[in-house]
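The values are calculated or read from the model by the stated rules, or taken from the named source; none is laboratory data. Fair warning: this is a prediction, and the values are worked out from it, not measured in the lab. Cβ coordinates were reconstructed from backbone atoms using ideal geometry, including for glycine residues, and neighbour counts include every protein chain displayed.
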Amino acid sequence: MTENEHDLAARRARGHRGGQSKKAAASGWIGSALEYYDFFIYATAAALVFPTIFFDKSDPKMGIIGALATYGVGYVARPIGAFVLGSYGDRHGRKHVLVLSMSMMGVSTFLVALLPTYKQVGFLAPALLIILRLIQGFAVAGAIIGGLGTLGWFVFIMLVVGLNQAATNGYT
């Protein structure tokens, strides 16, 4: 293979990897942004709406405390999700982790909208809400692991390609 053919093959390989890496990095960023947006929306709903829907109306202060506690439960599940989904991502790929975590987040968020109220099922309403918040926290950790892992590889590849081009052009 001549030097020109070798350079052409290297440029094609870099272009293909770079396009895939950019696409994966953008997908990871968008997925993580959407999941954090969902967490912020939940915090607003927990402070304003959930105390009257999912908790006993006889004590409004306890309703607010309980609703905000369900918000905090989502953060408790994050280390567990990072460990489990990070390990899964190492074995099966970051893309699978991103898809899985976004699916888990979407399904659990949809199910929060379908939950029965405290008036309908009593203490089962906040219990189901806590379970769904645990799933959401678990999923967000997976998106962080998958998204940052993918973004990290994108930065690494761009750094290597940039250093390689600098060395080839005599900038070192």
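Numerical summary
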item	result
Yes/no for TYR42 being buried (at least 18 other Cβ atoms within 10 Å of the Cβ) and of a type in the set (Ser, Thr, Tyr)	yes
Residues being within 18 Å of GLY74 (Cβ to Cβ) and part of a loop (DSSP other than H, G, I, E, B) - total across the range 40-59	3
Filter pass, THR109 being among the β-branched types (Val, Ile, Thr), under 28 Å from LEU68 (Cβ atoms) and surrounded by fewer than 14 Cβ atoms within 10 Å (Cβ to Cβ)	no
Residue selected from the range 52-74 under the condition surrounded by 16 or more Cβ atoms within 10 Å (Cβ to Cβ) and of a type in the set (Val, Ile, Thr), by the criterion nearest to LEU128 (Cα to Cα)	THR70
Sole exception among (1) assigned to a loop (DSSP other than H, G, I, E, B); (2) closer than 20 Å to TYR36 by Cβ for PRO116, by number	(2)
ALA77 under 12 Å from the mean Cα position of the chain (by Cα), surrounded by 16 or more Cβ atoms within 10 Å (Cβ to Cβ) and closer than 14 Å to GLY137 by Cα	no
Residues satisfying the stated conditions in the range 35-57, i.e. more than 21 Å from PHE123 (Cβ to Cβ) and either β-branched (Val, Ile, Thr) or in contact with an Asp or Glu (Cβ under 9 Å, 6 or more places away or on another chain) (or both)	ILE41, THR44
TYR118 being in contact with an Asp or Glu (Cβ under 8 Å, 6 or more places away or on another chain), aromatic (Phe, Trp, Tyr) and either buried (at least 16 other Cβ atoms within 10 Å of the Cβ) or touching a residue at least 24 places away in the same chain (Cβ under 8 Å) (or both)	yes
Some residue of the range 56-78 being acidic (Asp, Glu) and in contact (Cβ under 8 Å) with a residue 12 or more places away in the chain	yes
Test: GLY81 is closer than 26 Å to PRO116 by Cβ, assigned to a helix (DSSP H, G or I) and modelled with pLDDT of 85 or more	no
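The rows are residues; the columns are (1) at pLDDT 85 or above; (2) out of contact with any Lys or Arg (no Cβ under 8 Å at 6 or more places or on another chain).
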| position | (1), (2) |
| --- | --- |
| ALA24 | no, no |
| ILE30 | no, yes |
| LEU34 | no, yes |
| SER58 | yes, yes |
| ALA69 | yes, yes |
| GLY86 | no, yes |
| LEU111 | yes, yes |
